[in-house]
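Asks: Here it is: the structure, laid out below.
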Amino acid sequence: MRLLVTSAGSANGGGYGAILSFDSEGQLIGPLSSDPRIADPRGLSLDPSGALIYLNSGDDRVLALDHLGSVVRDSGRISGLDPGGGTFGPDGRYYVGMRRARTILALSADLDGDQVPLLPDGIVPFPRGFGFARDGQLYLASGVGPSGEGDNTIVVFDRDGPLRPRRLVTDPELSPLDLTVAPNGHVVVASEFPFGAPGAVSSVREYDPANGQLVRVFVPDPALEFKRPRGLRLGPDDHLYCVGENHVVAFDFSAGGFLGPVVQLPRLNGQALVLVD
């Protein structure tokens, strides 16, 4: 099993600007690909079959790579994309967060079909990750910006309702940076609170989608000084992985315990991760 991690480029925190590949022991293998279309990479997701790796490139495009790092699909440049995270929806389309437009764009899996906004521009002040329930319900993390403006919550869009955000979570210690939906249907969120503060607390927080109640808080060992948590992923080993600054950490999702750092790499400005054979 390999771990692939996107590390943002030097303009966004001194990172590597590459997809980095690590072995099962957390040792760096090297960049997965040297393709010049990979610039300041962000979101990373496997397609439903697991055969292709979809990457959101800071070059305003989406790429699909095979497991050897060769680009096999390219959306071409999409004006104003400025991509953040990405994931596949229940309808088989690939969805990309648009950071400047503050919305979500839907693309066909072959990347050469229609490009359709899922939500109106500026739907929340600062989108910070999103995920779909099996029935198509959409959960969107709404965080704060560098100046502190925003609302620090999770909103939900009902599958057949109007495209209006409904506040799901009220948690005074939440400042979301990424979101995923776990196999048990719960909403899992990477948080740094207060966002950007020197003494900010990093955690991963789990919420019940039925009522928005906080279920559990996953906290790394404070001695690790884990910062800027993003890139949540549930692995086949029932481990919950989270990437951030200089580290990838793991938790036992069933038991809730901290398992320790999986990767330790200076200058790792981690954004997203996937596990591949």
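Asks: Hey, how many Å between the Cα centroid of the range 110-152 and the Cα centroid of the range 213-277?
Replies: Result: 22 Å between the Cα centres.
Asks: Now a separate question. I'd like the accessible area for Phe253: 1.4 Å probe, protein heavy atoms, all chains in place, Å² to the nearest 10.
Replies: Only protein atoms counted, so the area is about 20 Å².
Asks: Sticking with this one: Which shape class, rounded, prolate or oblate, goes with the range 1-114 when its Cα gyration tensor gives a ≥ b ≥ c as root eigenvalues, a/c under 1.5 marks rounded, and past that a/b bigger than b/c marks prolate? Working shown, then result.
Replies: Values: a/c = 1.80, a/b = 1.27, b/c = 1.42.
Note, shape of the range 1-114 comes out oblate.
Asks: Which one, Pro90, Ile78, Ala51, projects farthest toward the positive side of the charge dipole computed for the range 1-93 from Cβ point charges (K/R +1, D/E -1)?
Replies: Value computed over the given set: Ile78.
Asks: Continuing with this model, one more query. How far apart, in nm, are the 7 Å Cα→Cβ label points at Arg37 and Leu259?
Replies: Between Arg37 and Leu259, the label points sit 3.3 nm apart.
Asks: Each residue of the range 57-67 in turn: what ³J(HN,Hα) in whole Hz from Karplus with 6.51, -1.76, 1.60 and θ = phi - 60°, glycine and Pro shown as x?
Replies: 9, x, 7, 6, 8, 10, 10, 10, 10, 7, 6
Asks: Tally Lys/Arg at +1 and Asp/Glu at -1 over every other residue whose Cβ is under 14 Å from the Cβ of Val169; what's the total? Spell out each step's value before the answer.
Replies: Values: positive: Arg128, Arg166, Arg167, Arg205, Arg216; negative: Asp151, Asp171, Glu173, Glu206, Asp208.
With Lys, Arg at +1 and Asp, Glu at -1, the net is 0.
Asks: If you don't mind, another one. Once both labels are modelled 7 Å past Cα along the beta-carbon direction, what's the Glu173-Met1 spacing in nm?
Replies: Using points 7 Å along Cα→Cβ, the separation is 2.8 nm.
Asks: Same structure again: Calculate, in nm to one decimal, what His186 and Arg134 gain on full extension: separation in residues at 0.36 nm each, minus their alpha carbon distance.
Replies: Numbers: separation 52, 0.36 × 52 = 18.72 nm, distance 1.12 nm.
The span from His186 to Arg134 would gain 17.6 nm if fully extended.
Asks: Sorting Asp171, Asp277, Asp66, Asp112 by accessible area (1.4 Å probe), largest first, what list results?
Replies: Numbers: Asp171 20, Asp277 140, Asp66 45, Asp112 120 Å².
Heavy-atom accessible area, descending, gives Asp277, Asp112, Asp66, Asp171.
Asks: Return P(r) of the range 202-277 (all Cα-Cα pairs; 5 Å bins starting at 0; whole %; ordered from short to long distances).
Replies: 3, 16, 27, 25, 18, 8, 3, 1
Asks: May I ask you to rank His67, His247 by accessible area, largest first, using a 1.4 Å probe over the protein chains only? Kindly include the intermediate steps, with their values, before the conclusion.
Replies: Details: His67 50, His247 20 Å².
Per-residue accessible area, sorted high to low, gives His67, His247.
Asks: Give the Cα extents of the range 137-223 along the principal axes, in whole Å, largest first.
Replies: Largest first, the range 137-223 extends 44, 30, 17 Å along its Cα principal axes.
Asks: With springs connecting C-alpha atoms under 10 Å apart, model the chain as a Gaussian network and identify which of Ala51, Ala210, Ala223 has the largest mean-square fluctuation.
Replies: Ala223
Asks: May I ask you to compute the full-extension gain from Lys227 to Arg164, defined as 0.36 nm times their residue separation minus their alpha-carbon distance, rounded to one decimal in nm?
Replies: Gain in length upon complete extension: 19.5 nm.
Asks: Summing Lys, Arg as +1 and Asp, Glu as -1, what charge do residues with Cβ under 14 Å from the Cβ of Ala190 carry, Ala190 excluded?
Replies: Details: positive: Arg128, Arg205, Arg216, Lys227, Arg228, Arg230, Arg233; negative: Asp171, Glu173, Asp178, Glu192, Glu206, Glu245.
Local net charge: +1.
Asks: Can you figure out the FRET efficiency of Arg93 with Asp237, using R₀ = 41 Å and their beta-carbon distance, to the nearest 0.05? Walk me through the numbers before you get to the answer.
Replies: Numbers: r = 28 Å, r/R0 = 0.69.
It comes to 0.90.
The values are calculated or read from the model by the stated rules, or taken from the named source; none is laboratory data. All values derive from a computational prediction rather than experimental measurement. Because the Cβ atoms are built from the backbone with ideal geometry, glycine has one as well, and the counts that use them run over all protein chains shown. Heavy atoms of the whole protein, side chains included, go into the accessibility calculation; ligands, DNA and RNA do not. Shrake-Rupley method; radii C 1.70, N 1.55, O 1.52, S 1.80 Å.
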